[in-house]
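Remarks on the structure that follows.
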Amino acid sequence: IAMAAVHYRPVFMLWLMMNQQMFGSVLPWWHLTSLLLHICVIFLVYKLGTKLLKERWTAALAALLFAFHPIHVESVSYVSASTDLLVTLFLLIAFLSYSRFREQSASPGYLVAAVFTASLAMLSKETAAMFPWTLIAWEALRETPPGMGRWWRRFVWTLPFFFVVAI
């Protein structure tokens, strides 16, 4: 007996309902929204590249490779695969917000934004549950500022993300 997969993806369902309300059954418009999502993700990949690589041209090349890589064809061309685009969009925003909060002693609003967008990602596709572990790896690999004290304190900021996964 084959069982159908049951996914809890309310953000994806809202995305589909929004497209249905705006465009009805006119599929080219649905594909345009997927393409626009992909363009937003490409821009965020560029922003991430400039943050990590510290060089705009290298980041632009990475974003172009990401944009035109054949593995992304299905995510952009199949309306039902826009979960990949949604989860990537929200996770990139979450990571950029979190890293800004941690690196520049910015407003706690960046942490709130990171937790919120990570939550949206987890409600878009289940693979986002690995995001807290990405933050653990990022914290472990970045340099410790002088006077940081105990090394484990840097990981405390990842706890809200594990809490979101647990919920």
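The values are calculated or read from the model by the stated rules, or taken from the named source; none is laboratory data. Quick caveat, the model's predicted, so the values are computed rather than measured. Cβ atoms come from the backbone with ideal geometry, glycine included; neighbour counts cover every protein chain shown. Just the protein is used for accessible areas: all its heavy atoms, side chains included, with ligands, DNA and RNA removed. Shrake-Rupley method; radii C 1.70, N 1.55, O 1.52, S 1.80 Å.
For residue 15, the criteria (1) at positive phi; (2) in contact (Cβ under 8 Å) with a residue 12 or more places away in the chain hold in every case but one, which is (1). Considering only residues that are open to solvent by 40 Å² or more (accessible area, probe 1.4 Å), farther than 30 Å from residue 135 by Cα and among the aromatic types (Phe, Trp, Tyr), which ones fall in segment 1-54? Matches in segment 1-54: 23, 29. Of 162, 95, 90, all but one fail to be under 16 Å from the mean Cα position of the chain (by Cα) and open to solvent by 50 Å² or more (accessible area, probe 1.4 Å); the exception is 162. Within segment 121-154, the set of residues being more than 23 Å from the chain's Cα centre (by Cα) and either hydrophobic (A, V, I, L, M, F, W, C) or modelled with pLDDT of 90 or more (or both) comprises 148, 151, 152.
Screening segment 55-76 for residues that are among the β-branched types (Val, Ile, Thr) and open to solvent by 40 Å² or more (accessible area, probe 1.4 Å) and picking the one that is nearest to residue 97 (Cα to Cα) gives 58. Residues in segment 71-96 that are free of Cβ contacts under 8 Å to residues at least 24 places away in the same chain and either farther than 22 Å from residue 29 by Cα or of a type in the set (Val, Ile, Thr) (or both): 2 in all.
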